[in-house]
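**Student:** A single structure is presented below for examination.
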Amino acid sequence: MQKYTTPDLPYAHDALEPYIDQTTMEIHHGKHHVGYTTKLNTAVESHPELFSKTPEELLADLDNLPEDIRLAVRNNGGGHVHHNFFWEIMRPAQENNVAIGNLAKAIDETFGSFAKFKEELTQAALTVFGSGWAWLLIEDNKLKITKTANQDSPYSLGQSPVLCIDVWEHAYYLKYKNVRPDYIENFWQIINWDKTEELYNK
């Protein structure tokens, strides 16, 4: 039985400074993400045959999971999967950090310009009520901006994420306090557009 594990960060805890601070990354990854992974394992242990599926597959098939673990998988599986994704779509700050390649073309075609896209995704992230996520994803072969509450997952809706912004308070509160707009504005400096291009092309 192979349990789920929290992957290491693809960069050092201080690599996203000054936009996301080292202490936030240590707590976010080492405590929050590890907590989701641990609770996901605890839920699935009662139906160990489900370890043959990836967490993404569990989220994509929530309605067919045993009822006694469905909510725990929705919440903790979502937390585990979303954080795995979130770490990968960030990197140390780059100059002129904008979308590239096929994704850049699709953004222009869908939203009119990169600036308009940035405005719409920023607005989605700003208007998540309470905790949740803002997403750029593919649905029916088209790019779409959406938002989800708590750890509700695009994977449960048959959508394929390309980019996300974590707007749970633990993602930014140590540095930004209650000023979510500053966190979101700075987030654009550390998006890994190479990774988002790879995800889009898949």
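The values are calculated or read from the model by the stated rules, or taken from the named source; none is laboratory data. Not measured: the values here are computed from a predicted model. Cβ: placed from backbone, ideal geometry, glycine included. Neighbour counts: every protein chain shown.
**Student:** Out of (1) farther than 25 Å from Q22 by Cα; (2) touching a strand residue (DSSP E or B) at 6+ places or on another chain (Cβ under 9 Å), the odd one out for K116 is which?
**Tutor:** Only one criterion is unmet by K116, namely (2).
**Student:** Could you check M25 against (1) farther than 23 Å from Y11 by Cα; (2) surrounded by 14 or more Cβ atoms within 10 Å (Cβ to Cβ); (3) of a type outside the set (G, A, S); (4) touching a residue at least 12 places away in the same chain (Cβ under 8 Å) and say which number it fails?
**Tutor:** Among (1) farther than 23 Å from Y11 by Cα; (2) surrounded by 14 or more Cβ atoms within 10 Å (Cβ to Cβ); (3) of a type outside the set (G, A, S); (4) touching a residue at least 12 places away in the same chain (Cβ under 8 Å), the lone unmet condition for M25 is (1).
**Student:** Scanning for something among the polar types (S, T, N, Q) and at pLDDT 95 or above, does the range 47-54 turn up at least one residue?
**Tutor:** yes
**Student:** Just one of the numbered conditions (1) over 22 Å from Y19 (Cα atoms); (2) free of Cβ contacts under 8 Å to residues at least 60 places away in the same chain is not true of D152; which one?
**Tutor:** (2)
**Student:** Could you list, in sequence order, the residues of the range 147-183 that are within 26 Å of L103 (Cα to Cα) and among the basic types (K, R)?
**Tutor:** Matches in the range 147-183: K147 only.
**Student:** Would you tally the residues in the range 89-101 being within 21 Å of the chain's Cα centre (by Cα) and either modelled with pLDDT of 95 or more or aromatic (F, W, Y) (or both)?
**Tutor:** Within the range 89-101, residues that are within 21 Å of the chain's Cα centre (by Cα) and either modelled with pLDDT of 95 or more or aromatic (F, W, Y) (or both) number 9.
**Student:** For T37, are the conditions met, namely being out of contact with any Ser or Thr (no Cβ under 8 Å at 6 or more places or on another chain) and either assigned by TED's automatic domain parsing to the domain that holds Q159 or in contact (Cβ under 8 Å) with a residue 40 or more places away in the chain (or both)?
**Tutor:** Considered against the rule, which asks whether it is out of contact with any Ser or Thr (no Cβ under 8 Å at 6 or more places or on another chain) and either assigned by TED's automatic domain parsing to the domain that holds Q159 or in contact (Cβ under 8 Å) with a residue 40 or more places away in the chain (or both), T37 comes out as no.
**Student:** Give I20, I107 a once-over and let me know the one that is at negative phi, crowded, with 18+ Cβ neighbours inside 10 Å and not in a helix (DSSP H, G or I).
**Tutor:** Step by step, each of I20, I107 is checked, and only I20 is at negative phi, crowded, with 18+ Cβ neighbours inside 10 Å and not in a helix (DSSP H, G or I).
**Student:** Return yes or no: is K31 among the charged types (D, E, K, R), outside any loop (DSSP other than H, G, I, E, B), out of contact with any Asp or Glu (no Cβ under 7 Å at 6 or more places or on another chain) and surrounded by 14 or more Cβ atoms within 10 Å (Cβ to Cβ)?
**Tutor:** no
**Student:** For the range 40-71, what are the residues that are surrounded by 15 or more Cβ atoms within 10 Å (Cβ to Cβ) and within 18 Å of the chain's Cα centre (by Cα)?
**Tutor:** L40, P55, E56, L58, L59, A60
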